[in-house]
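This report concerns only the one structure given below.
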Amino acid sequence: MRLPKTGAAMNKTNVSANIDWELIPVTWEWWVIVQLALSVIGIVGNILVIIVVINRGKTRFATDVLIGNLAFADFLTSLWMIPRPQSDLVPDNWKGMLYCRIEYSNVFMWISTVASVFILTVISVERLVAVKYPLKFKLIFTIKRSLCLVGLSWIGAAILNINTLAISTYDSENHACKTELLDHAVHMTIGVLLFMFKYIIPIAIIVGSYVKIIQILRSEARTFQADGRTAFHPARRISKTMRRMTRTVLIVVIVFIICWSPDQICYFLFNLDLYPTYMYSDISRVLVCIGFVNSCSNPLIYSVRNKKFRTELSHFLCIPASDSKLPSHVTRSVVKSGGIKMISGQVPK
């Protein structure tokens, strides 16, 4: 996994090994200011999403759990995005080594970023199951199974970032952290594998899931039209709710692809030595900042697309909801006749 910092490996050969920490203050360049702004937006927005999901209590569904954990991963990413002072001098002890492995490499931020990708992939598959098997959905995607998939996502993200820990080491000569790349062939192989597992494969699963979802929804629309079902028919109302939630998640996926694809592709080219100047360049900083937009965009998407989320958020913030409610007889008819409770964006009660 790529390292977001350059470090401050200055020549300190005449400095004793028993040196103390020497921090470099944050320099408020444009990309640092943008990064801080995105961090604050991401932290606040994702905390609100987590609170809304928690407040649902026993009414939570599998998708609520997945969206809540996606918000948690994005929250951690935003938290680790906050610009922090770097150390110009690092002591030659276990604290210095731990600093290089953890803080200098920013490994926790990249783990949460990859976990976010994997959880988003799980959500896409969950949407496909919900659309294709609406009656069996609650039995297939239980909350317990969803949590297990989230746990596997975090484990997978940690495994893919072992390389980050391996190449972030302590430079005893300069008393600073450094990035020590592995053998050229090994480095290229790891770069290809990382690109496949943290980008290509998830994107393929996500896109494949939504291609199938679109096909199913179109087929259902033709069936409803042929049967002459009205807009207030229970099955059609449920299908409409399912579509709305699926479209919301689709927007989340599209934003993710737009935000992270440029950086991931350029980093892949860097690992292949086809773009050797990419790391720590201005274009790298721009693309990484664009990637970070993904971590703070989801709460805005939920607010714009999901009336239930807006209502619950308004109640939490003690703000009168402006959205008009559907006639009560319509919602009661749908819930009673349909006999199915929907997930996030469900039929209003």
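Read-outs throughout are calculated quantities, based only on the coordinates presented, and are distinct from any laboratory measurement. Worth saying up front: this structure is predicted, and the values here are computed from it rather than measured. Glycine gets a Cβ as well: all are built from the backbone with ideal geometry, and neighbour counts include every protein chain shown.
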Relative exposure of 311, 27, 189, judged by other C-beta atoms within 10 Å (fewest first): 27, 189, 311
280, 267, 104 arranged by Cβ crowding within 10 Å, fewest neighbours leading: 280, 267, 104
Other-chain or far-sequence residues with amide H under 5 Å of residue 89's (modelled H): 22
Nearby aspartates and glutamates by direct alpha-carbon distance to residue 307 (threshold 18 angstrom, same-chain neighbours under 8 apart not counted): 64, 323
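At most 11 other Cβ atoms within 10 Å and a DSSP loop assignment: could you name the trypsin sites (Lys or Arg not before Pro) in segment 68-174 that fit?
Filter output for segment 68-174: 136.
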Cα gyration tensor, segment 22-338 - rounded (a/c under 1.5), prolate or oblate: prolate
